[in-house]
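Here's the structure we're looking at; comments come further down.
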Amino acid sequence: MGISSHFWSAGKDYNMQDTVISVIVPIYKVAEYLQECIESILQQTYKNLEIILVDDGSPDESGDICDSYAKEDSRIKVIHKKNGGLVSSRKAGCEIATGQYITFVDGDDKIAPNMYEEMLSWAGEDTDIIISDFYAWKEGNVEPINQHIKEGVYTGNCLNAELKSHALCYNEYFSFGILPSVCNKLYRRELYIPIQMRVPDRICLGEDASCTYPCIMRAQKVIYKKVPFYYYRVRETSMTRTWKKGKSEELLALIEWLKLDAVNFPDTNMQQQVLLYSCSLLDDYVTGNINNKIPLRQIKDEYRTLSGHGIVKEIAEYIQTSRTSSRSKRVIKYLNNCRLMDYIELWLFIKWEKHH
């Protein structure tokens with residue numbers, strides 16, 4: 001069975017209204033956006049929801065807002081916990097979730113009123129992952145964002161050839177086949193929760209990627225339709241394009257986790273996809289530091305940490321026979337040896353690239 005576009009017939013024998021969706025909302029310092037977020041979930045046309053608000057030790061009024069909503073709607077459960085990061089918050093939510101499907105909403109985002117009703121209508125009960133699109137939402141402007149793969153129902157050989165082989169890395173120059181966000185997806189609980197509970201708490205960059213791609217590789221049926229429902233609020237921060245002490249360890253934690261999981265699928269190209277994704281992460285990080293004018297003397301120890309890790313050498317060997325950008329090649333060349341002359345060459349190339 002291959003790709004099918006007949007979404008409307010996929011769930012004929014499936015009693016959609018009996019399905020419980022657990023919506024987990026990790027919350028930290030988003031009080032100014034939180035009410036709008038929660039209201040968008042409460043206003044869903046699909047009502048059979050379990051809404052789990054996880055207050056991750058937020059120092060603002062977020063916890064009080066959660067409690068006030070819980071008093072008004074019995075579907076809402078609130079967890080107050082010591083601050084431990086996004087992974088630990090998602091685990092806390094999963095521990096009490098009872099829904100057949102698991103999904104997430106970030107505390108500063110919102111969702112369209114018909115999101116869950118529409119997504120459930122696409123699929124029968126044997127569906128592992130249901131994927132929609134989302135909007136990039138900034139200062140009142142919205143822009144729909146699509147995945148690179150074709151919409152359809154993916155099963156059997158087609159699932160492996162057309163989706164799993166392109167899920168993380170769509171092409172050699174690197175772009176996502178399926179965007180990593182867990183918020184525009186419904187995951188069957190038996191698939192998602194065991195993976196989330198194994199993710200190390202120390203992963204604090206790429207938390208979505210750490211679950212999405214392991215789930216896809218284990219899925220038997222995935223449905224995707226190019227309809228945006230989720231409003232992702234674009235804020236003026238970036239996880240990889242800003243420097244802080246220890247960022248190299250954060251990058252390596254994510255890379256090591258994905259690399260370790262990819263070993264479970266030797267008959268696929270997932271290990272190569274992870275290498276190209278890792279190359280992109282390192283490129284983004286180093287390029288961001290240069291564009292943000294972070295002095296080399298301030299950050300060279302971070303680069304040496306990366307240089308001493310075997311993944312950089314693996315990437316360097318792999319990209320010799322694959323097509324990657326000229327900038328990525330220069331980034332990996334520098335990280336592989338940490339030679340000043342390679343850094344100067346990279347710095348000059350990035351400056352040239354900005355003006356061409």
- Task: Could you check residue 170 against (1) in contact with a His (Cβ under 7 Å, 6 or more places away or on another chain); (2) farther than 24 Å from residue 275 by Cα and say which number it fails?
- Result: (2)
- Query: Hey, any hits in the stretch 146-156 for a residue that's closer than 19 Å to residue 89 by Cα and open to solvent by 40 Å² or more (accessible area, probe 1.4 Å)?
  - Reply: no
- Query: From 203, 131, 178, 111, which residue is at pLDDT 95 or above and in contact with a Lys or Arg (Cβ under 8 Å, 6 or more places away or on another chain)?
  - Reply: 131
- Message: Against the definition (modelled with pLDDT under 95, open to solvent by 10 Å² or more (accessible area, probe 1.4 Å) and more than 25 Å from residue 154 (Cα to Cα)), how does residue 268 come out, yes or no?
- Response: no
- If you scan the stretch 205-234, which residues turn out to be among the small types (Gly, Ala, Ser) and open to solvent by less than 10 Å² (accessible area, probe 1.4 Å)? 209, 210, 219
- Task: Scan 325, 278 and give me the residue that is small (Gly, Ala, Ser) and out of contact with any helix residue (DSSP H, G or I) (no Cβ under 6 Å at 6 or more places or on another chain).
- Result: 325
- Would you check which residues across the stretch 97-110 are open to solvent by 30 Å² or more (accessible area, probe 1.4 Å) and closer than 15 Å to residue 192 by Cα and list them? 98, 100
- Query: What are the residue pairs meeting all of these: first residue in the stretch 245-270, first residue on the phi > 0 side of the Ramachandran plot, second residue part of a helix (DSSP H, G or I), Cβ atoms under 8 Å, and 6 or more apart or on different chains?
  - Reply: 246/302
- Looking at the stretch 38-65, which of its residues are at negative phi, within 24 Å of the chain's Cα centre (by Cα) and not hydrophobic (A, V, I, L, M, F, W, C)? 39, 40, 44, 50, 55, 56, 58, 62
- Query: For the stretch 287-327, which residues satisfy the criterion of being open to solvent by less than 10 Å² (accessible area, probe 1.4 Å) and in contact with a Phe, Trp or Tyr (Cβ under 8 Å, 6 or more places away or on another chain)?
  - Reply: 288, 289, 290, 299, 303
- Of the conditions (1) open to solvent by less than 20 Å² (accessible area, probe 1.4 Å); (2) farther than 30 Å from residue 121 by Cβ, residue 246 clears all except one; give me its number. (1)
- Task: State the number of residues belonging to the stretch 50-75 that are within 14 Å of residue 20 (Cβ to Cβ) and in contact with a helix residue (DSSP H, G or I) (Cβ under 7 Å, 6 or more places away or on another chain).
- Result: 2
- Message: Among the residues of the stretch 114-145, what is the count of those that are assigned to a helix (DSSP H, G or I) and either open to solvent by less than 10 Å² (accessible area, probe 1.4 Å) or of a type in the set (Phe, Trp, Tyr) (or both)?
- Response: 4
- Query: With respect to the numbered conditions (1) in contact with an Asp or Glu (Cβ under 8 Å, 6 or more places away or on another chain); (2) in contact (Cβ under 8 Å) with a residue 40 or more places away in the chain; (3) closer than 18 Å to residue 280 by Cα; (4) surrounded by fewer than 21 Cβ atoms within 10 Å (Cβ to Cβ), which one is the sole condition not fulfilled by residue 165?
  - Reply: (1)
- Task: Pull up the stretch 18-29, narrow it to residues that are at pLDDT 95 or above and open to solvent by less than 10 Å² (accessible area, probe 1.4 Å), then point me to the one that is nearest to residue 86 (Cα to Cα).
- Result: 27
- Task: Only helices (runs of 4 or more DSSP H) wholly contained in the stretch 30-96 count here; list those with 2 or more residues that are open to solvent by 10 Å² or more (accessible area, probe 1.4 Å) and touching a Pro at 6+ places or on another chain (Cβ under 9 Å).
- Result: 86-96
- Message: Filter the stretch 26-85 down to the residues that are farther than 19 Å from residue 204 by Cβ, touching a residue at least 60 places away in the same chain (Cβ under 8 Å) and among the aromatic types (Phe, Trp, Tyr) and list them by number.
- Response: 33, 46
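The values are calculated or read from the model by the stated rules, or taken from the named source; none is laboratory data. Every value quoted in this text rests on a predicted model; they were computed, and no experiment measured them. Using ideal geometry, Cβ is built from the backbone for each residue, glycine included, and neighbour counts are taken over all protein chains shown. For the accessible areas, the whole protein counts, side chains as well, though only heavy atoms, and no ligand, DNA or RNA atoms are used. Shrake-Rupley method; radii C 1.70, N 1.55, O 1.52, S 1.80 Å.
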